[in-house]
Amino acid sequence: MAQIIQWFQALSQLSRKKFIAATVAIGLVAGFFFSQGQMQDSASVLAPDALEISSGSLFIHVVGEVAKPGLYELKFGARVEEAIELAGGFSADAVASSVNLARMLSDGEQVVVLSQSQLSAAPGEGGFISLNTASQLQLEELPGVGPALAGRIIAYRDEIGSFSEVSQLREVSGIGSKVFAAISEKLTL
């Protein structure tokens, strides 16, 4: 290292400036080519996955208060509204606000459209509680859910915007497998 420093100091001031400029230029050119190669490599690795994610179809099970309940195939990126439309629209007893029509669907999902009697009935009497619209008191009606847990469910819902699947409830602190098994059948989105 000492020899390199001596060699550099032996150069004239003009030669030092040229040497530094050439070193910087070589570094910039090498960095540019390296970053281009990295971008191409990452693009070639990501491109097939991106194509799979952004194309194809989804299979959605639409049940409840629709004209033609059943399994429907929709394009990737479809929303709940499109699934309801394919199922013939809402029945006369349907409560349209029991589903979020603007929510994007995911493959294998079940969309449940509720009637007013299902929404107003207590959970133990065949009614459902909507995770996306339930109040603190409504959540507290669920077995094993007290004020603190109901508050955490609402805080998590506020944090994520809305639940897209009932299984997301497992991400709330205090919802273990036992509690989830006891309440999941009483919930809807």
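Values quoted throughout were computed directly from the atomic coordinates according to the rules given, and no laboratory measurement underlies them. Just so you know, these numbers come straight off a predicted model, no measurement behind them. Note that we place each Cβ from the backbone using ideal geometry, even for glycine, and neighbour counts take in every protein chain shown.
Summary table
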| item | result |
| --- | --- |
| Residues whose placed amide H lies under 5 Å from that of V66, excluding near-sequence neighbours | S91 |
| Taking the C-alpha atoms of segment 123-189, convex hull volume expressed per residue in Å³ | 72 |
| Local electrostatic count, S115, Cβ distance below 13 Å [Lys/Arg +1, Asp/Glu -1] | -2 |
| Solution diffusion estimate, µm²/s, Stokes-Einstein, segment 61-189, Kirkwood Rh from C-alpha pairs, 37 °C, viscosity 0.692 mPa s | 217 |
